[in-house]
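Asks: This structure is in structure tokens; I'll ask about it shortly.
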Amino acid sequence: MSDHTIETLSGEDRRFPPSAAFAAQANVHADVYDEPFEAFWERNGRERVTWFEPFTELYRWELPYAQWYLGGKLNVAYNCVDRHVEAGRGDRVAYHWEGEPAGEARTITYAELQRNVVRMANALKEIGVGKGTAVAIYMGMVPELAVAMLACTRLGAPHTVVFGGFSADSLSDRMNNMGCEVLVTQDEAWRRGKPVPLKTVADEAMGAAPGVRATLVVRRTGNPVPMTEGRDRWYHELEVSDDPASCPCEPMDSEELLFLMYTSGTTASPKGIAHTTAGYLVGVATTHSLIFDLKPETDVYWCAADIGWITGHSYIVYGPLCNGATSVMYEGTPDYPNHERWWEIIERYGVTILYTAPTAIRAHMKWGHEHAEAHDLSSLRLLGSVGEPINPEAWMWYHRHIGGERCPIVDTWWQTETGMVLITPLPGVTTTKPGSATRPFPGIEAAILNEEGERVEQGGGYLVLEKPWPAMTRGIYGDDARFRETYWSRFPGHYFAGDGARIDADGDFWLLGRVDDVMNVSGHRLSTIEVESVLVDHPKVAEAAVCGRADATTGQAIVAYVTLKGNEGPSVEMLEELRNHVAQKIGAIAKPANIVFTPELPKTRSGKIMRRLLRDVAENRSLGDTTALADPSVVSELASRAAEAPTDD
């Protein structure tokens, strides 16, 4: 094994070819991979969206910046809403919305969505929003969040959506960075049966964001909240028209700014990832249609993410609506008021496509498959995974207990910066492997490089992109130097994703997580995801997260945080059993030096494990920002357990 690659020592032999029946009806076939790069994106650019003025040049590539569909003019709201109504599909359901409180639900057709978007756009116009006005949106998972985004696009106003779990400081930082003049928020949100004071947090944020001159407030709970005279307006009190003729869609140049999505970086300041209009919309519409085998007339699609993240932008709002899909949107958490909530929703609406994160899948594994089996999930025909590499055991649980061993699983890899899925199976075409995202999407050129920038034909290394793609970021807002340094300096001429991956003998890609999560143990570069996957493979383990800590002898030692299933309790015997299990599956080099047993792992409100905090605990450092955690108390509990945990030193 070369010292210049990331070592991959575990294996996976299970294979799942598509069924003949699924392949026969699939939207795409194997010959799509033979279509030339330019021809593929030219065709989809013409077919997927409606242009006010057609583009005259496919793309221009002046590294590190790409431009796509030059010369074209279009409007995102028109493509996502108006054109479907004009085509006679106004009665089709756009969203089945399920509120967190039991019994609260709304069904919104495309015609109703159009009226809602027009009304919101006219309300924004009344408080001074026009083309180019920067708008911040700070809301929970209510339909008005998607409506506010679409209203901004109708007017040509770039927006940034700030996740409703973020703090006042996080909100003000983002509004100041973008230069936001207007904020759309709501009185409160629901979370696990309790109101979340969004307007109060927004008020605190605006105290540190003097550029925000107007606020539009959507009523959700109806509880009293402070309103500042002259700045704050209730949305429901504004008397504005919902007639589409009163607010025509603004023609936008293909490269005009659509939105900023802020993502964390290695410095204290978040990165404003810029996405523009045409390339982004073509990219998300194309991937959404082909990867999920979408049949807009019959499918009920549910992406169980939060719109506050890029997954929600691309695969709850813009991609599905551009394709005329019927989607489910859920306000609450997977375990409120009980562990059956998701499966009740699937049964109630006849969901056919489910797209969720491995973290959520592992949480359901921990709670038990009996909750899913109490409901009729036979409507499901395709499953998807997003957000982080999925370990094979979670993949198999998903396949068996949710998909009934009949549904293809599309394990997708992409990032905030990429805008759209880049590596994924195509259902009906790809033979899938538990834990592998398989191969690049058509029209995407990806490779694995070693430390020296040399291509790795088989084995582990660093994932790079070799050609531009339509939905790629157009930079970090206001910081060209940071953009070049972060993504383009490590391997000149290549976009470096920051992730490790390996490529197998079949040419399939296996994601290994962030290179920050690669541990150097006695000169061996090991991925945390492989150790985690083996731990979760143990029948008594529900969840596991792994990180490295400094070690004077080995360079780094492996620390594992493990949640056991059911009534299993931690013990010295269990610790040794798990260490030996890892040694048997991977090798002695991967045996954890420490195993910390914990009932919960530190997760964000969207369910993602905050590995940075695990490293802080392992290194006995002061903890960084914990405001995004669903339960900040988990970290202090983890620290005390870590202090008491036995070690193999």
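The values are calculated or read from the model by the stated rules, or taken from the named source; none is laboratory data. Not measured: the values here are computed from a predicted model. For neighbour counting, all protein chains shown are included, and Cβ atoms are generated from backbone atoms with ideal geometry for every residue, glycine included.
Asks: Among ALA168, ALA151, ALA157, ALA111, which is at pLDDT 95 or above, more than 25 Å from ASP253 (Cα to Cα) and of a type in the set (A, V, I, L, M)? Even if it seems obvious, please write down each step before you answer.
Replies: Working: ALA168 fails: at pLDDT 95 or above; ALA151 fails: more than 25 Å from ASP253 (Cα to Cα); ALA157 fails: more than 25 Å from ASP253 (Cα to Cα).
Just one listed residue meets the conditions, ALA111.
Asks: Do any residues in segment 189-215 that are outside the structural domain of ILE127 (by TED's automatic domain parsing) have Cβ atoms under 8 Å from those of residues that are of a type in the set (Val, Ile, Thr), where the two are at least six apart or on different chains, and which pairs are they?
Replies: That search, which allows pairs on different chains as well, returns nothing.
Asks: Cβ contacts < 9 Å: first residue closer than 30 Å to ASN75 by Cβ, restricted to segment 321-346; second residue surrounded by fewer than 20 Cβ atoms within 10 Å (Cβ to Cβ) and small (Gly, Ala, Ser), any location; separation 6+ or different chain. Result?
Replies: GLY324/ALA87; TYR330/GLY99; GLU331/GLY99
Asks: Out of curiosity, is SER2 within 30 Å of GLU532 (Cα to Cα), buried (at least 16 other Cβ atoms within 10 Å of the Cβ), modelled with pLDDT under 95 and not acidic (Asp, Glu)?
Replies: Numbers: within 30 Å of GLU532 (Cα to Cα): yes; buried (at least 16 other Cβ atoms within 10 Å of the Cβ): no; modelled with pLDDT under 95: yes; not acidic (Asp, Glu): yes.
Answer is no for this residue.
Asks: Residue check: is ARG455 of a type in the set (Lys, Arg), without any contact (Cβ under 8 Å) to a residue 60 or more places away in the chain and at negative phi? I'd like the intermediate steps shown before the answer.
Replies: Working: of a type in the set (Lys, Arg): yes; without any contact (Cβ under 8 Å) to a residue 60 or more places away in the chain: yes; at negative phi: yes.
It is true that ARG455 is of a type in the set (Lys, Arg), without any contact (Cβ under 8 Å) to a residue 60 or more places away in the chain and at negative phi.
Asks: Now for a separate question. Only one of (1) within 22 Å of the chain's Cα centre (by Cα); (2) buried (at least 21 other Cβ atoms within 10 Å of the Cβ); (3) closer than 29 Å to ILE444 by Cα is not met by GLU543, so which one is it?
Replies: Looking at each condition in turn, GLU543 falls short on (3).
Asks: Right, another one. Would you mind listing the strands (runs of 3 or more DSSP E) fully within segment 59-116 where at least 3 residues are touching a helix residue (DSSP H, G or I) at 6+ places or on another chain (Cβ under 8 Å)? Quick ask: steps written out before the conclusion?
Replies: Numbers: elements: 65-70, 93-98, 105-109.
Fully inside segment 59-116 and qualifying: 65-70, 93-98.
Asks: So TYR487 passes all but one of these: (1) on the phi < 0 side of the Ramachandran plot; (2) modelled with pLDDT under 85; (3) among the hydroxyl-bearing types (Ser, Thr, Tyr). Which condition number does it fail?
Replies: (2)
Asks: Residue check, VAL212 against (1) within 30 Å of TRP414 (Cα to Cα); (2) in a loop (DSSP other than H, G, I, E, B), all met but one. Which one?
Replies: With (1) within 30 Å of TRP414 (Cα to Cα); (2) in a loop (DSSP other than H, G, I, E, B) applied to VAL212, the lone miss is (1).
Asks: Turning to a different aspect of this structure: Does GLY500 qualify as being in contact with a strand residue (DSSP E or B) (Cβ under 9 Å, 6 or more places away or on another chain), at positive phi and not hydrophobic (A, V, I, L, M, F, W, C)?
Replies: Values: in contact with a strand residue (DSSP E or B) (Cβ under 9 Å, 6 or more places away or on another chain): yes; at positive phi: no; not hydrophobic (A, V, I, L, M, F, W, C): yes.
No, not satisfied.
Asks: Moving to a separate point now. State the number of residues belonging to segment 73-98 that are surrounded by fewer than 19 Cβ atoms within 10 Å (Cβ to Cβ) and farther than 21 Å from TRP51 by Cβ.
Replies: Count: 4.
Asks: Which numbered condition in (1) at pLDDT 95 or above; (2) closer than 21 Å to THR412 by Cβ is the only one that ILE345 fails?
Replies: So ILE345 meets the others, but not (2).
Asks: Let me confirm something: among LEU422, LEU377, LEU465, LEU449, which residue is surrounded by fewer than 24 Cβ atoms within 10 Å (Cβ to Cβ) and under 23 Å from TYR318 (Cβ atoms)? Spell out the reasoning first.
Replies: On the way: LEU422 fails: surrounded by fewer than 24 Cβ atoms within 10 Å (Cβ to Cβ); LEU377 fails: under 23 Å from TYR318 (Cβ atoms); LEU449 fails: under 23 Å from TYR318 (Cβ atoms).
Testing whether each residue is surrounded by fewer than 24 Cβ atoms within 10 Å (Cβ to Cβ) and under 23 Å from TYR318 (Cβ atoms) leaves just LEU465.
Asks: Return yes or no: is THR153 without any contact (Cβ under 8 Å) to a residue 60 or more places away in the chain, polar (S, T, N, Q) and at negative phi?
Replies: For THR153, the condition - without any contact (Cβ under 8 Å) to a residue 60 or more places away in the chain, polar (S, T, N, Q) and at negative phi - is not met.
Asks: Given the structure, is LEU526 within 23 Å of LEU638 (Cα to Cα), in contact with a helix residue (DSSP H, G or I) (Cβ under 8 Å, 6 or more places away or on another chain) and crowded, with 23+ Cβ neighbours inside 10 Å?
Replies: On the way: within 23 Å of LEU638 (Cα to Cα): no; in contact with a helix residue (DSSP H, G or I) (Cβ under 8 Å, 6 or more places away or on another chain): yes; crowded, with 23+ Cβ neighbours inside 10 Å: yes.
Spelling it out, it is not the case that LEU526 is within 23 Å of LEU638 (Cα to Cα), in contact with a helix residue (DSSP H, G or I) (Cβ under 8 Å, 6 or more places away or on another chain) and crowded, with 23+ Cβ neighbours inside 10 Å.
Asks: Counting only residues that are modelled with pLDDT of 95 or more and touching a Ser or Thr at 6+ places or on another chain (Cβ under 7 Å), how many does segment 362-381 have?
Replies: Total satisfying the criteria: 3.
Asks: Counting only residues that are basic (Lys, Arg) and over 19 Å from TYR330 (Cα atoms), how many does segment 177-228 have?
Replies: Residues of segment 177-228 that are basic (Lys, Arg), as a first pass: 191-192, 194, 199, 213, 219-220.
Applying the additional criterion that residues be over 19 Å from TYR330 (Cα atoms) yields 199, 213.
The total comes to 2.
Asks: Continuing with the same structure: Mind checking which residues of segment 145-169 are surrounded by fewer than 21 Cβ atoms within 10 Å (Cβ to Cβ) and assigned to a helix (DSSP H, G or I)?
Replies: ALA168, ASP169
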